[in-house]
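Novice: Once you've had a glance at the structure underneath, I'll fire off some questions.
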Amino acid sequence: MSAPSPLDARRKTLILVLCCLAQFMVILDVSIVNVALPSIRGDLGFSATGLQWVVNAYTLTFAGFLLLGGRAADLIGRREVFAGGLLLFAFASLLGGVAQSDAMLIGARAAQGLGGAVVAPATLSILATTFTEGSERNRALGLWGAMGGVGGATGALLGGILTQTLSWRWILLINVPIGIVAALAALRIVTKGRRDQRAASSFDLMGALTVTGGLVVLTYGIVETDKHGWGSARTLITLAIGVALLATFVLIEGRLAKAPLVPLRIFKNRPVVGADIVVFCMGASAFAMWYFLSLYLQEVLGYDPIEAGLAFLPMTLAIVATSQFASRGVGRFGPGIVLTFGMVLIGIGMLGLSRVSHDGNYWADVLVPSVITAAGIGFSFVPVTIAATQGVRGPEAGLASGLVNTFRQVGGSIGLALLATVATQKTNDVVKHADIKVALTEGFRHAFVIGAGFALLGAVISYVVLVLAGRREAAAAARAASAESA
């Protein structure tokens, strides 16, 4: 095979930069609003319970529409879907930045989530079809995975700087020029792919609606348990509706749809299933860690927004460094081993964070365990992405990427809801006979312990499903090949 021409290599580099920038921007907006929430509440008059929807409107629509976005990239065209998603994200950011009411901001955040749900799987699908499988694709996915991790870690820092120096509105307005320029660049740089007109004409609309509705309703029901409780009629009915919609989706995909949104045969792929379960555990652990650590720094240690953001800088550097080591480690040891190691590190780091004190300090209580957790995220992002798309045929690359992103976002939403409920209940119990900072810290400590449990569960699943089962399959294949040659 001849070496690629300079033009081909340059175009691949530009595509990689563009996809990494888009992924960074989309993941960034999951966490960037956290340190700005008090300013937003003061400007727009949010109630204490309504303020949570500045975050949840984004994450719920992001999680609910990811599968639709991934499949649309395959059916309509990766370049067109990518550029359209970027423009929608930029327009929604503009609406949010100039919002004059709480309802307008929540609507804009939901539209941002829809744009992100289109962009995220499109970036991964473009990379999977641009770079050949092996070391070249592993390096590209390594950088892409690093951008996802860095986006989560940088959100607090950038949000704090913009909120304190300019205004909370700039955490949204900054996306507008970036999104427009990236969309125009995508139309010029990304190669136009083929569309399956027959599949596009029989697009699985009912499947898209039921899976999206099921994920949104189910996640909404879990998020709302902190107000209504698990045993309330409202919670049980909401969860039942979500489960019924997901069951209907499975029925449609398996029996009714001519061109299913998610062909169920993809779940026969062991690495895909294992990686999706592990990334669910990673999302449940890592999303909650950013949230609670930000609150601990500001509400217990008394940091201002910029100080809290700067406290996340060592974590960002750790994620960048370990992501590069991870991409090399996958080539040498395989994704399962590296992923298991990363999930173990996340668990160890969060157990360390569960020892924070109400009268502690950043250097003694936060720095070391937070860096260990971040290193685990860096070691996990890359191999879980590679495992989730390994062996998947080209036309279904968008589907596989949509699944891994969906499982991460749903895991993050469900994990945060569960951990927030536990933390709030513990805080309410302790505050009756202790100082508010003591009570808050006790709640955070319990949340970190459960987050560590999610991470260690993911490590066990990774080792059993991706490592041990992979070795058994390889040994069986070797025996079959030996018998055939004999």
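The values are calculated or read from the model by the stated rules, or taken from the named source; none is laboratory data. Because the structure is predicted, anything quoted here is derived from the model rather than measured. Note that each Cβ is placed from the backbone with ideal geometry, even for glycine, and that neighbours are counted across all protein chains shown.
Novice: Filter segment 119-141 for residues that are surrounded by fewer than 24 Cβ atoms within 10 Å (Cβ to Cβ) and β-branched (V, I, T) and give the result.
Specialist: Result: T129, T130, T132.
Novice: Right, here's the next one. What do you reckon, is V300 touching a residue at least 40 places away in the same chain (Cβ under 8 Å) and over 30 Å from A72 (Cβ atoms)?
Specialist: For V300, the condition - touching a residue at least 40 places away in the same chain (Cβ under 8 Å) and over 30 Å from A72 (Cβ atoms) - is met.
Novice: Turning to a different aspect of this structure: Please enumerate the residues belonging to segment 7-21 that are aliphatic (A, V, I, L, M) and without any contact (Cβ under 8 Å) to a residue 60 or more places away in the chain.
Specialist: Hits for segment 7-21 are L7, A9, V17.
Novice: Could you tell me which residue of segment 174-202 is nearest to I32 (Cα to Cα), considering only residues that are at pLDDT 85 or above and surrounded by fewer than 14 Cβ atoms within 10 Å (Cβ to Cβ)?
Specialist: Result: P177.
Novice: If you don't mind, there's one more thing I want to ask. Out of the residues in segment 322-349 meeting the condition of being at pLDDT 85 or above and within 11 Å of A374 (Cβ to Cβ), tell me which one is surrounded by the fewest Cβ atoms within 10 Å (Cβ to Cβ).
Specialist: To start, the set of residues in segment 322-349 that are at pLDDT 85 or above comprises 322, 337-349.
From what is left, the residues that are within 11 Å of A374 (Cβ to Cβ) are 322, 342, 345-346, 349.
On the way: T322: 26, G342: 30, L345: 23, I346: 29, G349: 28.
By that ranking, first place goes to L345.
Novice: Counting residues that are under 30 Å from R332 (Cα atoms) and at pLDDT 80 or above, which helices (runs of 4 or more DSSP H) fully inside segment 47-147 reach at least 1?
Specialist: Numbers: elements: 53-76, 78-97, 102-130.
The helices (runs of 4 or more DSSP H) meeting that bar are 102-130.
Novice: Let me ask you something else. From the set of residues in segment 213-271 that are among the basic types (K, R) and surrounded by fewer than 13 Cβ atoms within 10 Å (Cβ to Cβ), which is modelled with the highest pLDDT? Steps first, please.
Specialist: Quick first cut of segment 213-271, residues among the basic types (K, R) only: 227, 234, 255, 258, 265, 268, 270.
Okay, now just the ones that are also surrounded by fewer than 13 Cβ atoms within 10 Å (Cβ to Cβ), so 255, 258, 265, 268.
Details: R255: 78, K258: 72, R265: 75, K268: 75.
For segment 213-271, the residue satisfying everything is R255.
Novice: Name the single residue that is farthest from T373 (Cα to Cα) among those in segment 279-293 being at pLDDT 80 or above and not hydrophobic (A, V, I, L, M, F, W, C).
Specialist: Per the stated criteria, the residue is G283.
Novice: I've got another one for you. Does segment 261-272 contain at least one residue that is over 30 Å from A156 (Cα atoms) and over 23 Å from the mean Cα position of the chain (by Cα)?
Specialist: Taking every residue of segment 261-272 in turn, at least one turns out to be over 30 Å from A156 (Cα atoms) and over 23 Å from the mean Cα position of the chain (by Cα).
Novice: On to the next question. Mind checking whether some residue in segment 406-423 is under 24 Å from G283 (Cβ atoms), of a type in the set (S, T, Y) and buried (at least 24 other Cβ atoms within 10 Å of the Cβ)? I'd like the intermediate steps shown before the answer.
Specialist: Going through segment 406-423, the residues under 24 Å from G283 (Cβ atoms) turn out to be 406-423.
Retained after the next criterion (residues that are of a type in the set (S, T, Y)): 406, 413, 421.
In the following step, the residues that additionally are buried (at least 24 other Cβ atoms within 10 Å of the Cβ) were identified as 406, 413.
Yes, there is a match, as at least one residue in segment 406-423 is under 24 Å from G283 (Cβ atoms), of a type in the set (S, T, Y) and buried (at least 24 other Cβ atoms within 10 Å of the Cβ).
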